[in-house]
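Take a look at the structure below.
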Amino acid sequence: MVRVNSTILFSILALCCIIFSSQVSVIAQESTDTDDNEEYLVKFTRVEPELVPKEKGDPAESLNWNSYGPGTSVADFDNDGDMDLYISARFSHLEWQDTQNSLSVMTTFGTQLLFENKGNFTFKDVTNKSGIINDIDGDGVSDSTSVSGVWGDYNSDGFLDLYVSEFGHTNGKYAGGKSNVLYHNNGNGTFTDVTDIAGVGNRGHSSVAQWVDYDHDGDLDLYSLNYGTYFESENDAEAETNILYQNNGDGTFTDVTFSAKLSGSIAFSEIPGEHLESGVVRVDMVAGTPSSPGMYSDSDAGSGMSWAALWIDYDNDGWEDVFIASDFGISPMYRNNGDGTFSVVTNVVGMNFTGTGMGLDAGDYDRDGDLDICQSNIGPNYLWQKQDDGTYKEVGDDVGLNVAEAFPVHWVCDFFDYDLDGDLDLFFSVGQISAYNSRQDNTFWINDGEGKFTEMAFELNLLPTNTEKTQGASIVDFDNDGDLDIVTGNSNAPIRVFENHADLTGRHWLMIDLEGRESNIQGIGAEVVVWVGGQPYVQQKFACSGSFGCSDERLHFGLDDAILVDAIVVNWPSGKTTELYDVSVDQVILISEYAPETPDLVPFGILVLVSFILFVWRHYRT
């Protein structure tokens, strides 16, 4: 009798192991309550972590006139549980002379920087140790013209790799562009340049790239965007096509741009690995106000001057489509046909507006259960509200986003619930890029819960004493306290980090990280729906959105006064669905993609068989 009970106990314990092993892992966080949270205006505190970019040339002169960068990009590259920070170069891309002031502005180079998060908003510079610096002449500063860096685990080894987009120069040494770089994460704090091996060295004037599993084969592909060149003084531009690299699964990639029909314009290069350059054309500078020179292109396929890409499943068919921010033209929407090809649907979805597309992001700002899109421009910004019929309506003016009289150069736009009240607010980085643009402040728009926005950057302590030139920006929970902080990349000032204090309101939150099994390891492209009180909070996981880098890849939900999440539904790129119920708030939760049902039964059957054999063996011995 004792032997039988011990066997049953063994089976029960084995079954318990299976049950517990199928649960998600949870990292609990505590929140601090504050009375009257409805009346509490959440503010930021600027911290000074000594993050100062370096450059060659004469930065005091050139970076105050015309410049790009730096971009900011966050990721937990060392897998220690907190977000680290990559900063691309800041540099002058243009060599020209201002005839009025006789000021010669020269092209310069910058350096990439990698900082390890040491906690409490302190960072350690690990650039040299990491191996990502490209110091050609040994002076301690790299010869980089990098505009952005994006993180993604392209070989599914559990460590995030880094793809750097190099712009080159409009004229000067790298007038023809400069090869992008793929850095493989070795898992020990160092990186190896594998660009040539992987075959992803796009040599155009690149702006940004995006990791995405567009073909749903379980590994990350790469979409590398090119901007081309623009001469501010003459208002002349020359476009370049984008490149789609398909992951072969062996550490190499194949250029499939031509067969996929995804160049970002009406032009295509038929030579693998090469972009196509257009002729020089006069262009406009302000969105929505065409002048005599005309926009570069009115094609619904895009102008070919791409600043950002957003891989969003706009039609909810399970395949990631792509919306491209195109400068001096129409920002196009491409539908993923699910067979490796894409079709232009810009007119079909109602997005055929000319503009000067810079940055992109998606979020359900009006809480109606679908994803709306923010598009930043030079001048008025666009807010594309998703309609019930699957089309989009531009409502930027209607919701109060465009109240300024001047036309700032907007770059990054990011949706996030900064005050944890349950609706998405909106941040724009603003940065003058030449002497012909006015210098203006970054803006922060608070959502009133009814879909209207009010600009509050000054009230939230987000503005410096003197107006700075910001391009890159990332939204990230640096201190893992459940609210999202802001880091900005400035070409004429140090990197700025703003600590969010929404954790003091007593409002609740949830952060979700994903781990794919059949799908790509990061779960990029998955749709996540959090249900609270019968209302859905909808997000899609992007590798990065907008331009100039990556924000925190963990999905963040402000839950206001909710003390329990009713359900979480994850729709994976593989077509599988994961559902969790009665989930506690104020925690970071890792959700792994469940394996197919049939294989799940196999381990239990084996355990039952082993238990039976053990029972027979013990009975035989007796």
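Just checking, which of ASP219, ASP250, ASP215 is assigned by the TED database to the domain that holds ASN171, assigned to a loop (DSSP other than H, G, I, E, B), surrounded by fewer than 17 Cβ atoms within 10 Å (Cβ to Cβ) and not aliphatic (A, V, I, L, M)?
Numbers: ASP219 fails: surrounded by fewer than 17 Cβ atoms within 10 Å (Cβ to Cβ); ASP215 fails: surrounded by fewer than 17 Cβ atoms within 10 Å (Cβ to Cβ).
ASP250 is the lone residue from the list that is assigned by the TED database to the domain that holds ASN171, assigned to a loop (DSSP other than H, G, I, E, B), surrounded by fewer than 17 Cβ atoms within 10 Å (Cβ to Cβ) and not aliphatic (A, V, I, L, M).
When only residues in segment 378-400 that are hydroxyl-bearing (Ser, Thr, Tyr) and part of a strand (DSSP E or B) count, which is surrounded by the fewest Cβ atoms within 10 Å (Cβ to Cβ)?
Residues of segment 378-400 hydroxyl-bearing (Ser, Thr, Tyr): 382, 391-392.
Next, from what is left, pick out any that are part of a strand (DSSP E or B): 382, 392.
Values: TYR382: 26, TYR392: 21.
Step by step, filter segment 378-400, then rank; the result is TYR392.
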Practice item. Please give the number of the condition GLY176 fails out of (1) in a strand (DSSP E or B); (2) touching a residue at least 24 places away in the same chain (Cβ under 8 Å). Key: (1)
Review point. What is the one condition in (1) closer than 27 Å to VAL150 by Cα; (2) at pLDDT 95 or above; (3) of a type outside the set (Ser, Thr, Tyr); (4) outside the structural domain of PHE123 (by the TED database) that ILE486 does not satisfy?
Key: (4)
Practice item. Pick out the one residue from VAL200, VAL208 that is assigned by the TED database to the domain that holds ALA267 and either among the acidic types (Asp, Glu) or in a loop (DSSP other than H, G, I, E, B) (or both). Key: VAL200
Point to revise | Count of segment 496-521 residues which are in contact with a Phe, Trp or Tyr (Cβ under 8 Å, 6 or more places away or on another chain) and in a loop (DSSP other than H, G, I, E, B) | key: 5
Check your understanding: For segment 507-516, how many residues meet the condition of being surrounded by fewer than 22 Cβ atoms within 10 Å (Cβ to Cβ) and either of a type in the set (Gly, Ala, Ser) or farther than 26 Å from ILE563 by Cβ (or both)?
Key -> 1
Revision key, fill the gap. Taking first residues from segment 575-587 that are at negative phi and touching a residue at least 24 places away in the same chain (Cβ under 8 Å) and second residues anywhere that are surrounded by 11 or more Cβ atoms within 10 Å (Cβ to Cβ) and among the polar types (S, T, N, Q), the pairs with Cβ under 7 Å that are 6 or more apart or on different chains are GLN587/GLN29
Review point. Hey, any hits in segment 224-241 for a residue that's over 26 Å from TYR314 (Cα atoms), in contact (Cβ under 8 Å) with a residue 60 or more places away in the chain and among the polar types (S, T, N, Q)?
Key: yes
Check your understanding: Out of all the residues in segment 225-244, is one or more surrounded by fewer than 19 Cβ atoms within 10 Å (Cβ to Cβ), at pLDDT 90 or above and under 19 Å from ALA309 (Cα atoms)?
Key -> no
Review point. Only one of (1) part of a loop (DSSP other than H, G, I, E, B); (2) more than 29 Å from PRO573 (Cα to Cα) fails for VAL487. Which number is that?
Key: (1)
Point to revise | Per-region count, segment 350-377, residues crowded, with 23+ Cβ neighbours inside 10 Å and of a type in the set (Val, Ile, Thr) | key: 2
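This table checks each residue for (1) within 23 Å of the chain's Cα centre (by Cα); (2) modelled with pLDDT under 90; (3) assigned by the TED database to the domain that holds SER73.
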{"residue": "ASP84", "(1), (2), (3)": "yes, no, yes"}
{"residue": "ALA89", "(1), (2), (3)": "yes, yes, yes"}
{"residue": "GLN100", "(1), (2), (3)": "no, yes, yes"}
{"residue": "VAL105", "(1), (2), (3)": "no, yes, yes"}
{"residue": "GLN112", "(1), (2), (3)": "yes, yes, yes"}
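Looking only at residues that are closer than 18 Å to SER584 by Cβ and more than 21 Å from the chain's Cα centre (by Cα) in segment 517-534, which one is surrounded by the fewest Cβ atoms within 10 Å (Cβ to Cβ)?
Applying the first criterion (closer than 18 Å to SER584 by Cβ) to segment 517-534 yields 528-533.
Next, from what is left, pick out any that are more than 21 Å from the chain's Cα centre (by Cα): 531-533.
Values: TRP531: 16, VAL532: 21, GLY533: 11.
Result: GLY533.
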Revision key, fill the gap. Among ASN480, ASN461, ASN466, the single one that is under 21 Å from GLY431 (Cα atoms), touching a residue at least 60 places away in the same chain (Cβ under 8 Å) and assigned to a loop (DSSP other than H, G, I, E, B) is ASN461
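Going through segment 545-592 one residue at a time, which ones are among the aliphatic types (A, V, I, L, M) and farther than 30 Å from ILE87 by Cα? Steps first, answer last, please.
Of the residues in segment 545-592, the ones among the aliphatic types (A, V, I, L, M) are 555, 559, 562-565, 567-570, 580, 583, 585, 588-591.
Of everything in segment 545-592, those that are among the aliphatic types (A, V, I, L, M) and farther than 30 Å from ILE87 by Cα turn out to be LEU559, ALA562, ILE563, LEU564, VAL565, ALA567, ILE568, VAL569, VAL570, LEU580, VAL583, VAL585.
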Review point. Within segment 447-456, is even one residue buried (at least 24 other Cβ atoms within 10 Å of the Cβ), in the same structural domain as LEU94 (by the TED database) and modelled with pLDDT under 95?
Key: no
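The values are calculated or read from the model by the stated rules, or taken from the named source; none is laboratory data. None of these values were measured; they are calculated from a predicted model. For neighbour counting, all protein chains shown are included, and Cβ atoms are generated from backbone atoms with ideal geometry for every residue, glycine included.
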